[in-house]
Each structure stands twice: as structure tokens, then as C-alpha cells.
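I have placed the structure first, in the form of C-alpha cells, so that the comments after it can refer back to it.
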Amino acid sequence: MAGLDPEDWSGIRAMGHQMLDALFDRMEHVGEGPVWQSMPHDARDALRTGFPEQGQSLEELHGRFTDFVVPYGNGNTHPGFMGWVHGAGTPVGMLAEMLAGGMNANCGGRSHAANEVEREVIRWALSMVGMPEDGSGCLVTGSSMANFISIITASRAQDISLRSQGTGGRKMVGYAATTAHGCLPRAFDLAGFGSDALRRVPVLADHRMDLIALKRMIREDREAGYIPFMVAGTAGTVDCGAIDDLAGIEAIARENGLWFHVDAAFGALACLSFRFQKALSGIEKADSLAFDFHKWAQVPYDAGCVLVRDRKAHAAAFAQSLDYLTREPRGLASGAPWFCDFGPDLSRGFRALKVWMTLGHYGSERMGQMVEECCGVATNLAHRVQMTPGLILLAPVTLNIVCFGIDGLLDQDVSELVQDLHESGVAAPSTTRINGRLAVRAAIVNHRTTTADTDRMLDAVIALAADRRA
Ligand SMILES: *Cc1c(COP(=O)(O)O)cnc(C)c1O
């Protein structure tokens, strides 16, 4: 017996079935325990055994996983989880992860079927947001990477010599609203432009980018010798879910010869609902778009996606020709362009399978319904906030995010109240700052969350707030 395969396949097969049963048991009853609980010291210590010299049995390792890992999860599969922007996963995605693990495909390139699955998934994504089917794209870790790839592509489309020469003192600048996600300034930082090169455009009272300010900032930068190259709109801001005027931003981008990027990390999924078509209008004109399948599409982590309208510009920004990666007309080394031509990763896992199976199983109609149901839960929560004395809705509910303040409490109290709530195990909202005030923020990205769950959260908030006021 050579290699690492077992001598007795029947033993590991039985173990595998047992693990799968445990997974299903957990998923079926996921809402029964606490959303989250702090990991005790002995559980942390139990995981610090050092690199074992002698291997341990799978039974033993699975037992430690069951005892010390599973109970102390992130909580995002639980219906009471409504913090940040997290997907909850599905049993279908879980199975797909297992199947992909069995194939162990490397999707960096070459001619094999896993790449065809990814190509199909990219076509689905392009059609979901209304971009032309001959665009390109690839699956990545998340929207942070997808936004980074977009910024790199946009800047190289402006000046391809950036690839070999670097910025060389060129003062490349881009634009995004003050409400844009932190991964955008970070992308400017990583790209070598510096985070200050992402100009932050103020927002209006409706939390959307001020387009008059955008025009003025572009003009002033030009006059001062800067090189504006892109503008990013957000479809679904991370703080309160606002959708920038994408069509308006696109028009300004075209007038000024700028690349039009959209960060639609979770908002892209709202394209599946007719209700949001008007609000999202202009998204289909994006030169590049970043979004996540692991958020509102409920695909297990991680699964981000970048889409680029001009496939040539996308490849021009990343493709390399290297002797050990020669593309041939036939055989295993055929099938160009390869996915490694569309981003910084060479080795890449088979992320596409879990996307393909999740969307393939539920279909666009049911996914659109799920999106609308999440928004319905958010609307109900917002109504209840408005009807509750002492609570105040701090931002309009465009999609699925509800931000509210608690009267009579300082920001520090609100922050501690949310920490108490997490430790109670009842619910897990997060916080953000809206117009300078600390808000409790419930983002209903979780397909398992119902109004009963948000009611439970709000009841707990009301009780904890009363305790703190007293
Ligand atoms: C979550 C999010 C991101 C970052 O995405 P990751 O998948 O966490 O890297 C970027 N933009 C917005 C609007 C987001 O909500």
C-alpha cells in the first residue's frame, strides 16, 4: 500500500457516513441552541496539542471537532444571526463542498470539466446582473479580492505600462462614496496608489453618492494634475443597504472617460427580484462588478465573484506567459484562456461546484423569493422599531438592513448592550455608525431568519435597554 490512502476503505467509508449524519443532524436543528457562545479556555487549550508526531484516529479527531469546534462557531448558520453581512449556507452547498473536495480539482487552468462549470457559473452571474454574456469573470475568495481585481483591471485599462513600470509617480485617483466598503481604499493601498488616491465622495441625506460633488471632485483633481481612472458605485452599502444612483454615476463616468465599477457584494442578488429593478438600474452597464455568492446567495464560504465587461481588458491586466505554463492547442495543457489569466491566483479550488449546485437546485425564481423574504423581515422589523417608544430608525430600509438607535443610551451603552446580546445567545446583530450615532444593525442576509427571530432580538434589546436605563 503506497501513499496516504487507507488500507481498509470500509472503515473510513463508515466514518464518512457517520460524519455526514452528524452534519445533517446539526443543520436540521441549527436554530435550537444559542446563536453564539464564547469559547471557554479549556476548549481553546484542547485545540493546542502541537503538531502530532504520530497520527491520531479519525474517530478521535472527529470527536475533538464535535466537542471543541462545532459548539463555538461563528453563528451565521443560526436564524438568530443578523450581524454584519453573512450568508447562512444550505444543505445543498454543504454537499457540493464535499463533492468538490472529492474531485480536488485545480481550477487555475488546463482543460478539464471543473473549469467548464466555472465558465457556466460566470455566464449565470453575468446574466443575473444584466451584463453581456461575452464578459469574463472568475470566482475568488470574496468581494475584497473581487474589488481589488476590478481596481487593478481598471487602472491597467487606462495605462497598461503600470504592469511593468508601476505608478512611477503617476497620480492615479478613483472615486467612491464615503459609505463605500473599506476594501476599496484597501484595494487602492494594495495596488500601490495609496488609500488616499480613492477620493471619498460625500453622500446626500438618502445615503447615496452626491453626484454634483463627484463631478466637481473629478474636475478639481484633473486641474491639479491627477489622473482620474475609475469611479465605484455601491449597490447595497454595508452600513444601511443604500443603492447609489448607478445610472447617474455611469453617465458621469462616460463623460469623463472613467471606468465604471460597481461593488454589489450582497446587493447583486437583489437583481433576482423584480421589485428592485428600478433601484438597481445602471448595474448592467458596469465595466466591472464585485459580489459574493457566500452572502445573500447562501453558498458556503468562500465564494466571491468578479465580473468584467471587456474580457480582453481583464486578461490584459493579469495574463502572463511563462515557460512552465505554456498553453497548447490540445491535450491537458489546452483550454486557454485559463482562470489564472483573470486574477492573481494560480492554484484555485473548485468553488464553482457549490455555486452551480446551489443556484442550479434552487433556481433564480426561488432565490429571488428568498431575497424578497429577507427584505420583508427587514421591513417588519423597521415597522416595529418605529412603533416602539425609545427606539428610532436611523436610516431608510432600502433592502434588508435595519439600523436603529436606542434613546437614553450613550454609544458606549449601545455597544455593550449588543455585546450582552451576543453573550445571551439570543440573537447576533452588529453595530455601525449612522450620521455619527451608534446604531444597532440587523442585516437580514440569512434565509433562515424570520420575523419571529427579529422579534426575539428586539424584545431582548428592549429589556436590556430598560435595565441599562434603570
Ligand atoms: C461584505 C462586503 C464587502 C467585502 O466582501 P468580502 O466577501 O467580505 O471580502 C465589500 N463590499 C460590501 C458592500 C460588502 O458588504
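Before rounding to the nearest 500, sum -39500 (n - 2.57) across all DSSP H runs of length at least 4 in the chain and divide by the residue total; then give [θ] at 222 nm in deg cm²/dmol.
-13000 deg cm²/dmol
Packing around the peptides 16-29, 360-373, 135-148, taken as the average count of other Cβ atoms within 10 Å per residue, puts them in this order, highest first: 135-148, 360-373, 16-29. Distance from the Cα centroid of the stretch 263-329 to that of the stretch 72-115 is 18 Å (rounded to whole angstrom). Shown for the chain: lysine pairs separated by 8 or more places, or found on different chains, whose C-alpha atoms are under 29 Å apart, numbering 13. Amide H contacts of residue 201 (H built 1.01 Å from N, in plane; Pro and chain starts excluded): 176, 177, 178 sit under 5 Å, all sequence-distant by 5 or more or on other chains.
When both the stretch 452-470 and the stretch 7-51 are represented by their alpha-carbon centers, they are found 32 Å apart. For the chain, carbon and sulfur atoms together expose 53% of the accessible surface, with a 1.4 angstrom probe and every protein chain in place.
Note on residue 164: accessible area is roughly 100 Å² with a 1.4 Å probe, heavy atoms of protein only. For the stretch 99-359, the solvent-accessible area with a 1.4 angstrom probe is 39 square angstrom per residue.
The modelled label-to-label distance between residue 435 and residue 167, using points 7 Å beyond Cα along the C-beta direction, is 3.5 nm.
The values are calculated or read from the model by the stated rules, or taken from the named source; none is laboratory data. Quick caveat, the model's predicted, so the values are computed rather than measured. No Cβ is skipped: glycine too gets one built from the backbone with ideal geometry, and neighbour counts run over all protein chains shown. Just so you know, the surface numbers come from the protein's heavy atoms only, side chains and all, with ligands and any DNA or RNA stripped out. Shrake-Rupley method; radii C 1.70, N 1.55, O 1.52, S 1.80 Å.
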